[in-house]
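First comes the structure, then the notes that go with it.
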Amino acid sequence: MSVERVDAVVVGAGPAGSAAALELARAGRSVILLERGPFPGAKNVYGGVVYGRVLDEVLPNWWEEVPVQRWVTRRSTMVLTDTQALTVDFRTQDWGRAPHNGMTTYRADFDSWLAGKAVAAGAQLVTSTVATELLREGGRVVGVRTDRPDGDIRADVVIACDGVNSFLAKQAGLLPTADAQHHTLGVKETLALPRRAIDERFGLRGDDGADFEVLGCTGGIPGGGFLYTNRDTISIGVVLSLTGLAEAGRRPEDVLADFKSHPAIAPYLRGAELKEYSAHMIPEGGYRSMPPLSTDGMLVAGDAAAMCLAAGIWLEGVNFAIGSGLAAGRAAAEAIATGSRDLSGYRRRLRDNFVLTDHENLQRAPHLVLSERVQRQYPKLLCDLAQEVFTVRNPEPKPGLRKLFRRTAARHGIRLRELAADAWAGFRTFG
Amino acid sequence: MTELPEVLAVVVVRDAALPSGADEAIAECGGAVLLVGTGTRAAAGELTAARTVWTSEVPRVAPGALAAALAPVLDSVPVVLLPASPDGRDLAARLAFQMDRRLFAGATSCTSTHVELSRVDDQLAVEVQLKSPVVVTLQPGARGVPEPVPSSEPVELPLELPDDVLDAETVQVLAPDPETVELTEADRILGAGAGLVRPGEDGTTAMRTLTEVAAALGASAGATRVITDAGWAGHDRQIGTTGVVVDPDLYVAFGISGASQHVGGLGRPEHVISVNTDPSCPMTAMADLGIIADAPAVLDELARRLNGAADER
Amino acid sequence: MQIVAALSWSWQRTQVDPLTGAVTAEHRGSNAAELAALEHALRLAEELDGHVLAVTVGPPEADEVLRTALAAGAHEAIRVECDGSPDPRLLASNGAETARAIATALSTTPDLVLCGDRSSDGATGTTPAFLAARLGAAQALGAVRLETEGSKVLAHRRLDGGSREVLRLPAPAVVSVEGGTRLRRASLPAVLAAQNTAIPSVPFETQPGPAVSTRPRRPRPRELPPPAAPAAHDRILELTGALVERTPPTIVGPLSASEAADALLEYLQRHGYSTVQREAAEQS
Ligand SMILES: Cc1cc2nc3c(=O)[nH]c(=O)nc-3n(C[C@H](O)[C@H](O)[C@H](O)COP(=O)(O)OP(=O)(O)OC[C@H]3O[C@@H](n4cnc5c(N)ncnc54)[C@H](O)[C@@H]3O)c2cc1C
Ligand SMILES: Cc1cc2nc3c(=O)[nH]c(=O)nc-3n(C[C@H](O)[C@H](O)[C@H](O)COP(=O)(O)OP(=O)(O)OC[C@H]3O[C@@H](n4cnc5c(N)ncnc54)[C@H](O)[C@@H]3O)c2cc1C
Ligand SMILES: Nc1ncnc2c1ncn2[C@@H]1O[C@H](COP(=O)(O)O)[C@@H](O)[C@H]1O
């Protein structure tokens, strides 16, 4: 039986894996990139927005060739109750120009493109192939077994980028502590709508795109919703706490259906045709639920290492996956070059760039955003407050804002002390 | 002998048996047909749409040799139309090559000036204006068979098969195998289409469940080509113009879009039920009962109920 | 024995806008039937000591299917340079052109050419017969089974009404096969080696297809036999179907699985299709 030997093997050609393979190949290392789908991105699910600046250091002028649907120039944060909606709407044409901010893109296109970069740099991409097992010698990881005949690959470093619930990380014993393990379920639909209708309804022009993040649209189940525009489709979805879902005894597709029929959302979707429904887990625990990031001979990156930043108004996984993939690739290349088994460069690089820094700074965010008050009470409070402010009750005189505020808060059983505490927590979390 | 007309159906006959779509092709040509093959005289008597019949009796059905022999005979016929049956499709391309003509395969209608073709799994109609002589194959089931017309006495058109053309040698013709017979003779059929298999899943499980549910309903299980091509069901299970032609009383279609190549093999069921997520697909449009629902889930539910009942016995 | 496997690089998912008839396509590659053809080619080569050449007509990206073929065990691969976007003109009649293109890649006449019985976008299944005509080969279209008899290949193909014809193939012969036979899984070293193989290509000049117009397909209205009744009044009744008892077609839903099962079983019951469920209920 012949065994392939390479410097490094990367499992999973998602954004994390392709970034890692790209760095290794650029450093002149032989690297195999394994992907179980028929092509990169074939089965990968996400909402739809990628923050591309992470690519600056890998590819100058990446925006000229990335397979973009639209550049996000409008960002709305919405707070919904059953009958109300309060929106903070922001738009800037600056994001429509290079280097841009967010873009909507399809995973099949984006993942294939990024993997193509790795291949062009010299990585060997092997699709329709599943890594089934780690190969070990003593405690050390020395390669992976795949489901192909003669499918063992030996490598100095294995980088696991196999996504949320990483099978390889589990096998290597790199597990988050059980109680900190925290996943949400994302469900998403892609709806087809003529480009012109999207432009009109969302007030867009040319390649401009919109990104809506929504709170209070999940029927009391901790989570949130999103709505993004592609060229001629719309991505809409909800992210739901698994335990909350189980407690409510509801099916995720029903929660999404309710969201879609909300009076503030439905007009955007009228006449749109369902193209695709998908569901996927998201590691949402943030910093606190991250497993150890390496073991002897192996690194973990992307969702496999719970790198996804999911905290309310942020849902950024792809850029964190790329950031951690690049760091893993560089650290591995460095270790291989010096013949050392020291992979600690990985954590150092993560800390030096945005990946761990953001996570550390925002480590309380998931907890806060998913808290009872933020999920159930504040949306109602804010919407009622807005309604009070804007309702004209002549001949009654207008109450002062402060009075309205007290009254509304009291009606919702929220004490100002709690509000102040959450505001402080919010400030410390996001500030 | 009358001259051959501008539009002529060419129908390959084996042992006096007519292929599917023969009368439709003939009707499309205004009743003019050349029967070629073995047992052509007897087959002529079976036709219902023919007004003018020529027959060319030859010792064997072999596309290469037939094309070589027919090409000069048909030279004066601008539009040669064959039913898209196995033998018709076999011969059509050979004829077109031999006669240096374009072949328009899979037409749904054909006149002396235009053909309409069905493409992209029957979703797209492509219309072509005819500017030069052509060979066309007509999709069985697309036209429908008209009322019988009286036919004249066939005229024999002698044909000499050349012996320097290479053809495969027929070793034997096998009667329909029992599996197929079971399906062709079934009164009730449950059909599986692409929509019965969730993306990325292995359809053999769905087929197994369908077969169980069918058994519980005293029915047989059939499938569309998407299912048989994927290897999830044997080829004997494929219903359609290139598969088995069936004629049940009841047809329940699970996740089938209703492409003409499929429906062309369906006969005239008295009751049709379509379970599909798309309310406007042709299968649902032609159904007596269209159920808009997720086919895999409905099948599982039926299995649960019917097998549950079976277990109680 | 020289065996050729013809693999298309066709659009695997083509959609037609039901209103405008605009065609959009995604994903190019070979379909199940073509991969089955390749598998048959490899098996026959093993059995009859053959050499398999994989051919595709397509743009440089089409090398991908040839690499798949090499990884699975094809000995050689060649591509005929040609790019076809999903052009309706090509949809009308491209079998003859594709056959001509494939023939340019063959320096000698092979003993056996294996094709899929239809590609996913052209989908007329005419390429193999044109290729046979061009090569002066015998043909067997739509084979569902292949077997060997000594050094000869036997092909089982469908005829009408479920019967089958067994053909003994001379050389050269072109066979098209239906899908259903799965391509073997290539070993990892073979996949890697195939990626590093340079694939030769030959140029080809396509001739344009005929001018066409396209629209979404609607079933053709069927001709009905003229009414037979002697009196005009009765003929009108017959034509309009008035007074004929029938159940109007109904569409229900969207329904949940259990509602759908209820509707379905209720319909069957109403129309006298007794089910085992009912029999079971009666027996108990
Ligand atoms: C509903 C939803 C919405 C989201 N929205 C956004 C968003 O808008 N913006 C954003 O930035 N992020 C979003 N995310 C998060 C984002 O999708 C992930 O964080 C990101 O994809 C992680 O990348 P990755 O490379 O680590 O893993 P993945 O993208 O999951 O890739 C893992 C890859 O590994 C392969 N693989 C797995 N196991 C094996 C194996 N054993 N052998 C071989 N290959 C294997 C898989 O096929 C896959 O290609 C969203 C997620 C969800 C579920
Ligand atoms: C020369 C030639 C000969 C052919 N011969 C035959 C033949 O003999 N027999 C044959 O069958 N085909 C034949 N075909 C193929 C035919 O054109 C169609 O491609 C095929 O019949 C389509 O099969 P389908 O309905 O299963 O798949 P599709 O057309 O893909 O339809 C799937 C259907 O499932 C529905 N659906 C999707 N998801 C769900 C869900 N979750 N629940 C419920 N419904 C769902 C969709 O709305 C759609 O209507 C032939 C084609 C050619 C070109
Ligand atoms: N572009 C192509 N390259 C190689 N083979 C092809 C190509 N197109 C069609 N074929 C072969 O011809 C068969 C029938 O295709 P078609 O006539 O397009 O339905 C396919 O299954 C292939 O085996």
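Here are a few things to note about the model shown:
- Of the residues making up the stretch A:113-122, just one is closer than 20 Å to A:Gly48 by Cβ and either modelled with pLDDT under 95 or in contact with a strand residue (DSSP E or B) (Cβ under 9 Å, 6 or more places away or on another chain) (or both), namely A:Ala115.
- Hits in the stretch C:161-176 - residues which are at the interface with another protein chain (Cβ under 7 Å from one of its Cβ atoms), over 12 Å from B:Asp236 (Cα atoms) and either within 19 Å of the chain's Cα centre (by Cα) or crowded, with 19+ Cβ neighbours inside 10 Å (or both): C:Glu165, C:Val166, C:Leu167, C:Leu169, C:Ala173
- Of the criteria (1) within 15 Å of ligand 2 (Cβ to nearest atom); (2) surrounded by fewer than 21 Cβ atoms within 10 Å (Cβ to Cβ); (3) of a type outside the set (D, E, K, R), which one C:Ser107 fails: (1)
- Among the residues making up the stretch A:111-128, those that are of a type outside the set (A, V, I, L, M) and more than 25 Å from the chain's Cα centre (by Cα) are A:Gly122, A:Gln124.
- If you go through the stretch A:261-284 and keep only what is within 16 Å of ligand 1 (Cβ to nearest atom), away from chain B (no Cβ under 14 Å) and surrounded by fewer than 20 Cβ atoms within 10 Å (Cβ to Cβ), you end up with just A:Met281.
- Pair list, Cβ < 7 Å and 6+ apart or interchain, from the stretch B:126-155 residues that are on the phi > 0 side of the Ramachandran plot and surrounded by fewer than 18 Cβ atoms within 10 Å (Cβ to Cβ) to residues that are assigned to a loop (DSSP other than H, G, I, E, B) and acidic (Asp, Glu): B:Gly144/C:Glu223
Listed here are the residues, each with its yes/no results for (1) more than 11 Å from ligand 1 (Cβ to nearest atom); (2) not small (Gly, Ala, Ser).
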| residue | (1), (2) |
| --- | --- |
| A:Glu189 | no, yes |
| A:Ala197 | yes, no |
| A:Ala210 | yes, no |
| A:Gly225 | no, no |
| A:Val239 | no, yes |
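- Residue match in the stretch C:30-37 (condition: outside any helix (DSSP H, G or I), out of contact with any helix residue (DSSP H, G or I) (no Cβ under 7 Å at 6 or more places or on another chain) and surrounded by fewer than 23 Cβ atoms within 10 Å (Cβ to Cβ)): yes
- Residue in the stretch C:127-153 that is farthest from the chain's Cα centre (by Cα), counting only those that are more than 16 Å from ligand 3 (Cβ to nearest atom) and buried (at least 20 other Cβ atoms within 10 Å of the Cβ): C:Val153
- Checking C:Thr56, C:Thr68 one by one, the residue that is over 25 Å from C:Leu154 (Cβ atoms), within 10 Å of ligand 3 (Cβ to nearest atom) and more than 14 Å from chain B (Cβ to nearest Cβ) is C:Thr56 and no other.
Quick grid of which residues meet (1) touching an Asp or Glu at 6+ places or on another chain (Cβ under 8 Å); (2) surrounded by fewer than 18 Cβ atoms within 10 Å (Cβ to Cβ):
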residue: A:Glu189; (1), (2): yes, no
residue: A:Gly209; (1), (2): no, no
residue: A:Gly220; (1), (2): no, yes
residue: A:Thr233; (1), (2): no, no
residue: A:Ile236; (1), (2): yes, no
residue: A:Arg250; (1), (2): no, yes
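- Filter result (more than 9 Å from every other protein chain (Cβ to nearest Cβ) and either under 20 Å from C:Gly125 (Cβ atoms) or of a type outside the set (D, E, K, R) (or both)) within the stretch B:238-257: B:Ile239, B:Gly240, B:Thr241, B:Val246, B:Pro248, B:Tyr251, B:Ala253, B:Phe254, B:Gly255, B:Ile256, B:Ser257
- Residue that is modelled with the lowest pLDDT [pool: residues in the stretch A:384-431 that are surrounded by 11 or more Cβ atoms within 10 Å (Cβ to Cβ) and within 22 Å of A:Leu315 (Cβ to Cβ)]: A:Phe430
- Enumeration of residues in the stretch C:11-36 that are among the charged types (D, E, K, R) and farther than 18 Å from C:Ala69 by Cα: C:Arg13, C:Asp17, C:Glu26
- Cβ-Cβ distances below 7 Å connect the following pairs, each with a first residue in the stretch A:249-262 that is under 12 Å from A:Gly225 (Cα atoms), a second residue that is surrounded by 21 or more Cβ atoms within 10 Å (Cβ to Cβ) and hydroxyl-bearing (Ser, Thr, Tyr), and a separation of six or more residues or different chains: A:Val255/A:Thr218.
- Of residues in the stretch A:238-260 being more than 14 Å from chain C (Cβ to nearest Cβ) and in contact with a Phe, Trp or Tyr (Cβ under 9 Å, 6 or more places away or on another chain), the one nearest to ligand 3 (Cβ to nearest atom): A:Leu256
- Number of positions in the stretch B:99-114 that are among the β-branched types (Val, Ile, Thr) and either surrounded by 24 or more Cβ atoms within 10 Å (Cβ to Cβ) or facing chain C (nearest Cβ under 7 Å) (or both): 1
- Checking the stated criteria, B:Asp300 turns out to be closer than 15 Å to B:Ala192 by Cβ, away from ligand 3 (no atom under 16 Å from the Cβ) and surrounded by fewer than 18 Cβ atoms within 10 Å (Cβ to Cβ).
- One residue stands out among those in the stretch B:91-129 that are at pLDDT 90 or above and charged (D, E, K, R): the one that is farthest from ligand 2 (Cβ to nearest atom), which is B:Asp100.
- A single member of A:Leu256, A:Leu245, A:Leu240 is within 19 Å of the chain's Cα centre (by Cα) and in a helix (DSSP H, G or I), and it is A:Leu256.
- Residue within the stretch C:17-30 that is in contact with a strand residue (DSSP E or B) (Cβ under 6 Å, 6 or more places away or on another chain), more than 10 Å from ligand 3 (Cβ to nearest atom) and free of Cβ contacts under 8 Å to residues at least 24 places away in the same chain present: yes
- From the options B:Ala71, B:Ala96, residue that is within 14 Å of another protein chain (Cβ to nearest Cβ), in contact with a strand residue (DSSP E or B) (Cβ under 8 Å, 6 or more places away or on another chain) and away from ligand 1 (no atom under 16 Å from the Cβ): B:Ala96
- Failed item in (1) aliphatic (A, V, I, L, M); (2) within 24 Å of C:Gly272 (Cβ to Cβ); (3) at pLDDT below 90, with B:Ile291 passing the rest: (3)
Residues checked against (1) under 23 Å from A:Leu134 (Cβ atoms); (2) β-branched (Val, Ile, Thr); (3) crowded, with 18+ Cβ neighbours inside 10 Å:
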{"site": "A:Val6", "(1), (2), (3)": "yes, yes, yes"}
{"site": "A:Val54", "(1), (2), (3)": "no, yes, yes"}
{"site": "A:Leu59", "(1), (2), (3)": "no, no, no"}
{"site": "A:Val68", "(1), (2), (3)": "no, yes, yes"}
{"site": "A:Arg75", "(1), (2), (3)": "no, no, yes"}
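- Output for the stretch A:146-163, where each listed residue is within 14 Å of chain C (Cβ to nearest Cβ) and within 18 Å of A:Val300 (Cβ to Cβ): A:Ile153, A:Ala155
- Hits in the stretch C:256-284 - residues which are at pLDDT below 90 and surrounded by 14 or more Cβ atoms within 10 Å (Cβ to Cβ): C:His271, C:Tyr273, C:Thr275, C:Val276, C:Gln277, C:Arg278, C:Glu279, C:Ala280
The values are calculated or read from the model by the stated rules, or taken from the named source; none is laboratory data. Remember, it's a predicted structure, so these values are computed and weren't measured experimentally. For neighbour counting, all protein chains shown are included, and Cβ atoms are generated from backbone atoms with ideal geometry for every residue, glycine included.
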